[in-house]
Each structure stands twice: as structure tokens, then as C-alpha cells.
Amino acid sequence: MVLKTLDVLGPLHGYGIARRIEQISGDLLAVNQGTLYPVLLKLEQEGSIASEWGASENNRKARFYRLTRAGRRQLQAETHDWEQTAAIIERFFAVKAEDLK
Amino acid sequence: MRLLRRFVKRLGSWATRSRDEERLNAEIEEHLAQETDRNLRAGLPPAEARRRAVLNFGPVEAMKEDYRAQRGLPFIETLVQDTRYAVRRLRNAPAFTAAVVLTLALGIGATTSIFSLVHAVLFKSLAVANPAELYRVGKAARCCYWGGYSQEDEFSIFSYDLYKHFRDNTPGFAELAAFQAGGGLFGVRRAGAAEAAQGYPGEFVSGNYFAMFGVHAYAGRLLAPGDDQPGAPPVAVMSYRLWQQRYGSDPSVVGALFSLDNEPFTVVGITPPGFFGDKLRSIPPDFFLSLNTEPVVGSAADPNDVDTHWLDLIGRIRPGADAKAIEADMRVELKQWLRSHWADMSANDRTKFPEQTLFLGPGGAGITAMRDEYQHWLEILMLVSSFVLLIVCANVANLMLVRGMERRQQTSLSMALGAQASRLVRQALTESIMLSLAGGAAGLAIAYAGTRLILRFAFPHVAGMGGVPISAAPSMPVLLFTFGVSTLAGIAFGIAPAWSATRVDPIEALRGASRSTARTGTLPRRALVVLQAALSLVLLAASGLLTAALHNLESQKFGFSQDRRTIARIDPSLAGYQPDQLTTLYGRIRGSLSSVPGVSDVAVAQYSPLNGNNWGAGVWVDGQPLPGPHEDNWASWDRVTVGYFDAIGTRIIEGRGITEQDRADSQLIAVINQAFARKYFKQADPVGKYFGRTEMQSSRVYRIVGVTEDARYLESALDKPVGPFFFLSEPQHDIVPSTGKDTDPGSHFLQDIVIVTRPGARLTSDQLRRAMASVDPNLPIISIQTLAEQVDGQFRQQRLIAQLTSFFGILSMVLASIGLYGVTAYNAGRRTSEIGVRMALGATRAQVSALLLRGAFALVAAGLLVGLPLTLAAGRFLGSQLYGLNPYDPAVIVAAVVTLGFSSLIASLIPAIRASLVSPSEALRAE
């Protein structure tokens, strides 16, 4: 979700990512915002995102995160995996008793 | 890939710790600020806006912890933390730390030292290429000259002819080399040098010896098959040690002419440093000569004698060859060779022909004479040191348990505050591992010193000669073993108390730490003390048994006098004497030495008592049938000059000793000892009777003219009665009547000069050397020592073992006492309030002390009970390994029990009395 957000919206600071995730999930995900930061750290250590200081909207200092090339590749890979998983599950839901006879 | 990158990042994050922390705080603040802004814009009051923001964010501290866990490597960070904490705690308890480290160091040091020795003597490989490919012919080492065509159990020493037969007919060996089983001294002098010859050890080897071992010359060249031909120019190879120490690595030595036993030899090369020959021995050889030069230098036997066996064989097998097949082949070859000499074999040999066999064994360690000799000593030492290690571990466990108990309160507190049990256990573990590593490191230093000490006592260094090639530095396998043991000990004893502390409900521990109802808490400690007491008893008893055995051996009736006797060792062959010149030489020696002030008597013998030598022969008594092949007709013998028996102090019981009338041209005579008389003549009077030696094929050679008391000459079977012995006169040569040949020309080269000093007179070795120099300046005195020292030397190993075991016995008793002291003190401390109550109710000090002592003595009694059967078992084991030991000696066992009991009494008395000295009101107040 973080990667997709960054992919779609470009570089964002931590708060921005948290807000966007809330919005996109339609407020269905009520996760503590703070749990975002360890995740960001992990992604940064893996090299999927990079960070640097920048100025936020109200001209305050904030840390901005952006997607790296490796991160883009990871996003594509995970998207592909997810779609595959979803397709398999769907086939199971679509199957009817007669098809299996 | 990502994982690897992440790992590396986490590893390096340690450097940016504080900066990352600041950044996180900044980001959190920023996040909260923005959320608060948003809430403000939505219309909430500022306090509520902030509160909502914080709520929405989630628990900050937990998140921070999670963040930190992600950021670094928590495992390593906690390890570092725990280590620093452990160091700090240990520094705050110096007594405890010192006690544990010292105890561990002693135990580990002693064990490592002894295991190093054992490893070196039992497993040390020769300093050659690929020792695993080497095989030796013969399992048990035989030394040094054997005659005939049969050897009991196995053929393990070989004649030159037999060696050549094997070498030429066994394709399974890539190279088969032969070398002298014994080794002699050579009188060495550099050609052109004015100095007198000095004796150095040397060995005769076959031409392919060095090629077979795969060693290369350090300088010059080594012996080659071309040197080992009859008539080849005489060459020799010098050891690196001698070249470096005596000649200062002078390159001109290579190719120089040397005189060895007055014969010219060219030194063609130097062996590589570290090469010590084909067997482990106290004094490694300094010269290597070809087998075929043996007759030139002149030795005790003619090597071209087909049936004189004097060589050991080691060979390198071809890659892929099967040792078992080669062994079978060689057995066939042996039988073939014996058959080809059927005509020369005696009737006995022919009877024993079917049993003749041989064995191949791994040869990587060379000829195992030293291993065979020392094996049971080393096994005993290993057992002793294992016991010590056990006791040490028990002591350390005890100390650790105490510490664990003391920290029970703190551990419970930590757990109540939320610490994880695993983390607490890890902390205890870290502390104990650190202690054991420190103990192991200190133990290494002790091991090094200990090994050097033991080596020095077991193999005393002879000035000018090489030393036993065992390094005092602990070997790698032993080091690893040591650290393994110490780490295991630390883990085992540190973890148990910590783990048990975490199992207890924290409130229990907090409530009554000093009043712990858990009596079971002291069970492990008490069990440990019992174990220590038992093991200490075993060690004390063992040391008592060994010391008693040693005393028995040293104070036995030797049959000769040890005081005022000096033995000067010479070797006339080093100065090139021929057999016909010897009688005159000995006469001149006796004359010259007698004139030294203070000397009252001088005689010369082939070997003096207990000097390590032994010549033997088969006896054929006149009038009795020729002894059969399986009959024991062995007797040892010695060749001596006139006046020997007076000089050595052996009484003549019947008849006479050797006198001037026993010359070369008179009837061959012999003086026998009582054991000989008893064995071969039973009750009859032996004086005037005749006997011969079986190899002379005659029973009427020597006329018996006297009988002496039994005297101890041989260093084996010191606890058995003296065996049959006869003495021959020096000028008389053993000419065999039928052939006219001298049986033992070499036996006239007498080696020990016995010098008796007047009471109160003192003799210096300078005086002796000067007197000898006036006889012949070229005849070196090899060594001078008193007869008492020579006899003592036979007991060196036994004394060393007894001393070491006693040292360990006392050490373990001290440790056991300390353990008992600790337990009693702890018990007393625990029961302080109880003691207070008792005393307030009228108990006297003595009664209170008795109460505590009873508990301590129960432990000691249990220990003795457990230890007694162990002691008896240990005694039996010792008795089977050593001679002269009475395993059930009641005096020793009682002494050990009493000693242990006494030290336990002292150890438990002190805390008991101290506890009883506490005033009742204080005791009741103490919580």
C-alpha cells in the first residue's frame, strides 16, 4: 500500500502517506498511524524507498519518501503476485458443483 | 538480495544511533503537528485536537521500541548491553569473581596441561610427510639386539638379511626402510680440532630412510641408497639441533670431515629443523649413518649376522594398497625366509616355527617405545585430572548457585517490572560465560607453566644433548577442549539458578527473600558438596596409595650400598679401543682413580645396578637336560672387574668373588646370586658346579665359584623378587669350545666405573675428569652421578605421579572444604532468626553450634559413604596399572577419611561458631 501510494502520488512525507492510505481505503482501515514508521524504515532499509529532508506544505521541515527503481520493481512483482492469488481464489469461488462432476 | 541489503543496513545502523533517534522524534512531532492542524481546521479545540491526534497515532513508546527493533540488530545490541552489565556486576563482587576465576583456572589449567602431555606422547606424529601412509612392522617395540630364529608373540625386530628379503619381495610398499632399534653414543670430534671427543647419540639407518619419510635436507643432502653399499665412502647426516647449538649453523660443517669413534666420516647434510627421527625419545639422535657402515664403527654385534635382529622397519605403502594384504604377504615371506635358514635353526627355533608371525600397525607415530612405557602413567594422570575438573566444576556450580540465590530478589523485581524471563536468563548466561572464558584464559597460562614443569621433572634435560621433542605449548585440539569445557561449565551452572528464579512467582520472592521456605533451594548445593567430598576422598586415598607404593619401592632391600658411591659412565668404543686393549685400560683406570685423595675403592662393570641396561642369556646347567623351547631358563648377567662386589657393597654369601686369579687363560668362572642358586640348583650347593649358555651349545663353560646376596639390577618388575643373575670376570672371553669364537666381544666394553669414597671425604667431578684424562684424554666421561641419584632416577615417574596426585588431592580437599564452609555459612545465615529464638529460649552456644555442625557432618558422612566404594574401585584400578600397590591398604584409607573429616570439621566449625556468637536480639531482628 505504501509503495502504491508513493507510486501514484509521487514523493510524500510520512503524514501524507498515512492520510492517503486512510482515504484510499475509504476509512475502512482504522490502523494506528504510528505503525507506519517502522514499515517505512523497513522499506528504506530494503532499498525500495529513499528519503530526504524537505519542506512540507506549511513550510515546516519534514522527511519526504519517494519510490526507487528497485521499489518500482518490487511493486510490480507484488502486484503480479497479488493478482495471481486473487485469480486463483476467484476460480474457487466461481466453481459450481456441476463443473466438478 | 533485499534481505542481505537490509541486514547490512541494520549492522551499520549502530553508528547513526543518536541521529536516527532525533530524526524519528522529529518525524513523530511533525506527524502529530500536522494531524493536530487538521483537527484544528475541522473545528476542534486545541487540547482536544492534540489529544485526538495522539490517540490516532497510537502508543508512541511501543512504536518507538518497534522502530528500534527494526532499525538495529536487537540481538547484538542486547548482547553488548548484557556484557557490559555483567562486567559491571562482576566488578562489584570481586571476591566472588576472583574465587570463580581462580578455581576454574586451576581446574582447567591442570586438565589442559595433562591432556596436552597425553596428546603429545600418545598421538604425536613424526615430523615427516604424510604420516598417515606409514606403517610399522611390529606392534610392540623390542630393543635392542635379539638372536635366533624365533620371537615370542610376533616378530618385531629384524636382521639386515630379513629386512632385505622383505624389501625386495613386498611390492605393496613404495619404500620400506630399516633403522636401528636401539641407538648408541658416538665419540664425535671434528677433524683437525684439538678438543677431546664428545659423546652424541646416533642411529644407523638404511639408504632409503629419508626418502621413505619424505624429508628434505635443510643444508647439503641426506643419505641415499648409494651411501648404503658395502665399500661406499662413509658419510653421516647431522641433526639441525646439534648443527645450530654446537656449531652455530656454520655452513662449513656440511662437507667437513668428522671423526666418529675414531673413524673418518664426511658430514654431507643437515636434517630439517623439527625432525626428531623415528620414535619419540628423551634424547633424539644427532647423527644418522648408513647401515653398512656399522661394522666400520664397531658395535656390539656384526650386522651381517643373518640371525642378529637389531632393526625396526617402517614403510610407506603405495597409494590404494591394502595394509591387510601386505601384512598377509609379509607373513608368508617371513616363513619363506625362516625355511631358507632351516639348517641353521636350533631345535627350539624349529619347534616354534609354526607360531612365528608378524603384524603391521600404523606408523605415523613412529616406534612407540615411549608410548608403551608411559601409557599407564598418563592414563592415571588423565583420570586424576578429570576428577579435579569435576571437583572444580562442582565448586564453581556451588558459587554460582549462591549468587543466583542472592539475586533472587532482584530477579523477581525485574520480572515484576516487565522484564522477559528469557532476557534475565540470557543475562545470567552472559555473566557465567564471561567468567568461564576468563577462567579458561587464566587456565591456559597455568597449563603452559604446568606442562613445562612436568616435562622438566619427567624428562630431565641432559646438558649438551637435545631434549624430548614435546612442546609445552597447548595444542589446538586441547585448547578447543579446554574452552569447550569451560563454556559448558559456565552455561550449566549459571543458567540453572537464573532459570529457577524466573519460575518463582515474583511476589513470593519479594515477600520473604531471607525466609525462603524452599529447603529444596539448598538441595543442589548440598548434593554438590557431597559430590566434592566423595571425589576428594578418592583423590586423597589415591595419593596416599601411590605415595605408600613409592615408599615401599624406594625403601626395599636393594642388595647394594648407595652411600658414598659414584658412577662414572664411559664408553671405550668411542675412543676406538679394541677388545684386546681393554683389560690394560681398566687396570690403568683403577690405578689412576684409586690415587685420587678420598677414593677408597674402584671397580668397573659392564653396567651398574638400575642404570637401565640388561644383558640376558639362556642358562644350561651342566648335568641337566638342554632346556626345551617353552622352558624359562633366562638369567641376566653382568661383566665386572676384580673388586666389584666390595665396591658396590654386595655381600658374598658363599665361596668367593672375582679375584686376580681369574685371568684370560684360566678356567672361565662365574659368581651367581641366590635367586640363580635357588632356581637352578634348588637345595644343592652350587659352588663347584658348571653351567653354560644355550647359544654356546655347551653346558660346561663356567665354573661357579661363589654366591652373592640378591641385588636389584633391573628396573622392571621392581615389586617382584630379584631374578637369577650371574657375574663374569672381565679378562675372561667366552670362547665357545666347538667353534673357538668369542660369543660376546662387545660385552668387554664396560661402561660404569664404580668409585667408593672414604667416609667424610668429598669428591669433585673435576678430580675425576683429571684422573681419567691422565689415563686417556681421548676417552670422554659421558656422565657422573652418585649411585643414589641413579637409583632415584628409576623412580622418577612414579614419584612425579605420586606428587602430582598428592597436590591434586590436597587441592580438591581445600575446594571441598570451601564448598562445605559456604553451605554451612549460608544455612546459618538462613536460620538466623531460628537461632535467635532457640537462644532466647535457653539454648547454649554449644548446642546451637552442634545443631549446625550436625547438618554439615551429615553432608560429609554422605560424601564419605559415596566416596568409599569409589575409593576402593580406584584402588583396584591403580593396583592393576602399577606394581607395588596394595589397593586395600587400610592405613591409607583411614588416613584419607580422617584428613577429610578433620578439614571438614574446621570448615564447618567456623561458620557454626560465628552463628552461635550472634546475640539473640540481633538474630530476631534480622530479616
Exercise for review: Identify the residue in segment B:34-48 that is away from every other protein chain (no Cβ under 14 Å) and in a helix (DSSP H, G or I) and, among all such residues, is surrounded by the fewest Cβ atoms within 10 Å (Cβ to Cβ).
Suggested key: B:47
Practice item. Report, ordered by the first and then the second residue, all pairs with beta carbons closer than 8 Å, sequence separation of six or more or different chains, a first member in segment B:71-98 that is under 28 Å from residue A:47 (Cα atoms), and a second member that is of a type in the set (Lys, Arg) and surrounded by 14 or more Cβ atoms within 10 Å (Cβ to Cβ). Key: B:71/B:10; B:72/B:10; B:73/B:10; B:74/B:68; B:78/B:423; B:78/B:426
Study note, to complete from the structure: Scanning segment A:62-101 for residues that are within 12 Å of chain B (Cβ to nearest Cβ) and touching a helix residue (DSSP H, G or I) at 6+ places or on another chain (Cβ under 7 Å) gives A:62, A:63, A:65, A:71, A:74
Review point. Can you tell which of B:731, B:780 is assigned to a loop (DSSP other than H, G, I, E, B), touching a Ser or Thr at 6+ places or on another chain (Cβ under 8 Å), over 19 Å from residue B:560 (Cβ atoms) and in contact (Cβ under 8 Å) with a residue 60 or more places away in the chain?
Key: B:731
Point to revise | Residues satisfying the stated conditions in segment B:100-141, i.e. over 23 Å from the mean Cα position of the chain (by Cα), assigned to a helix (DSSP H, G or I) and more than 22 Å from residue B:439 (Cα to Cα) | key: B:132, B:133
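Yes or no, residue by residue, for (1) in contact with a helix residue (DSSP H, G or I) (Cβ under 9 Å, 6 or more places away or on another chain); (2) surrounded by 19 or more Cβ atoms within 10 Å (Cβ to Cβ); (3) at pLDDT 85 or above:
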position: B:342; (1), (2), (3): yes, no, yes
position: B:369; (1), (2), (3): no, no, no
position: B:389; (1), (2), (3): yes, yes, no
position: B:394; (1), (2), (3): yes, yes, no
position: B:399; (1), (2), (3): yes, yes, no
position: B:412; (1), (2), (3): yes, yes, no
position: B:416; (1), (2), (3): yes, no, no
Check your understanding: Among the residues of segment B:854-868, which ones are in contact (Cβ under 8 Å) with a residue 12 or more places away in the chain, surrounded by fewer than 19 Cβ atoms within 10 Å (Cβ to Cβ) and closer than 11 Å to residue B:905 by Cα?
Key -> B:857
Check your understanding: Given the conditions (1) under 30 Å from the mean Cα position of the chain (by Cα); (2) surrounded by fewer than 24 Cβ atoms within 10 Å (Cβ to Cβ); (3) not charged (D, E, K, R), which single one is not true for residue B:87?
Key -> (1)
**Study point:** Pairs where the first residue, in segment B:887-903, is closer than 18 Å to residue B:874 by Cα and the second is among the hydroxyl-bearing types (Ser, Thr, Tyr) and surrounded by 18 or more Cβ atoms within 10 Å (Cβ to Cβ), C-beta under 7 Å, 6+ apart
**Key:** B:893/B:871; B:900/B:536
Review point. Residue B:73 passes all but one of (1) within 14 Å of another protein chain (Cβ to nearest Cβ); (2) modelled with pLDDT of 80 or more; which number fails?
Key: (2)
Practice item. Could you check, for segment B:866-885, whether at least one of its residues is in a helix (DSSP H, G or I), among the hydrophobic types (A, V, I, L, M, F, W, C) and over 16 Å from residue B:537 (Cα atoms)? Key: no
Exercise for review: For segment B:5-23, indicate whether the set of residues that are outside any helix (DSSP H, G or I), within 14 Å of chain A (Cβ to nearest Cβ) and small (Gly, Ala, Ser) is non-empty.
Suggested key: no
Check your understanding: residue B:314 passes all but one of (1) buried (at least 21 other Cβ atoms within 10 Å of the Cβ); (2) over 29 Å from residue B:614 (Cα atoms); which number fails?
Key -> (2)
Revision key, fill the gap. Note on residue B:285: of the conditions (1) part of a loop (DSSP other than H, G, I, E, B); (2) at pLDDT 90 or above; (3) within 17 Å of residue B:136 (Cβ to Cβ), unmet is (3)
Practice item. Would you check if residue B:97 is part of a helix (DSSP H, G or I), out of contact with any strand residue (DSSP E or B) (no Cβ under 6 Å at 6 or more places or on another chain) and crowded, with 18+ Cβ neighbours inside 10 Å? Key: yes
Review point. Looking only at strands (runs of 3 or more DSSP E) that fall completely inside segment B:668-721, which ones have 2 or more residues that are crowded, with 18+ Cβ neighbours inside 10 Å and among the aliphatic types (A, V, I, L, M)?
Key: B:669-673, B:702-708
Check your understanding: Does at least one position in segment A:13-20 carry a residue that is aromatic (Phe, Trp, Tyr), in contact with a Gly (Cβ under 7 Å, 6 or more places away or on another chain) and facing chain B (nearest Cβ under 10 Å)?
Key -> no
Check your understanding: Has segment B:253-263 got any residue that is within 28 Å of residue B:136 (Cα to Cα), assigned to a loop (DSSP other than H, G, I, E, B) and modelled with pLDDT of 90 or more?
Key -> no
Review point. So which of B:67, B:85 ends up being touching a helix residue (DSSP H, G or I) at 6+ places or on another chain (Cβ under 8 Å) and within 12 Å of another protein chain (Cβ to nearest Cβ)?
Key: B:67
Exercise for review: Name the residue, out of B:628, B:612, B:623, B:616, that is closer than 15 Å to residue B:752 by Cβ, modelled with pLDDT under 90 and surrounded by fewer than 18 Cβ atoms within 10 Å (Cβ to Cβ).
Suggested key: B:612
Check your understanding: Out of segment A:5-32, which residues are touching a Phe, Trp or Tyr at 6+ places or on another chain (Cβ under 9 Å), in a helix (DSSP H, G or I) and at pLDDT below 80?
Key -> A:6
Exercise for review: Kindly provide the set of residues from segment A:43-61 that are surrounded by fewer than 16 Cβ atoms within 10 Å (Cβ to Cβ) and within 8 Å of another protein chain (Cβ to nearest Cβ), ordered by number.
Suggested key: A:58, A:60, A:61
Study note, to complete from the structure: Scanning segment B:231-252 residue by residue, the ones that are in a helix (DSSP H, G or I) and more than 33 Å from the chain's Cα centre (by Cα) total 2
Revision key, fill the gap. Segment B:334-418: helices (runs of 4 or more DSSP H) wholly inside it with 2 or more residues that are among the small types (Gly, Ala, Ser) are B:369-406, B:408-416
Practice item. Scan segment B:450-462 and give yes if some residue there is modelled with pLDDT of 85 or more and in contact with a Pro (Cβ under 8 Å, 6 or more places away or on another chain), otherwise no. Key: yes
Check your understanding: Does residue B:907 meet the test of being surrounded by 21 or more Cβ atoms within 10 Å (Cβ to Cβ) and of a type in the set (A, V, I, L, M, F, W, C)?
Key -> yes
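The values are calculated or read from the model by the stated rules, or taken from the named source; none is laboratory data. Please read these numbers as outputs of a predicted model, since none were measured by experiment. Cβ: placed from backbone, ideal geometry, glycine included. Neighbour counts: every protein chain shown.
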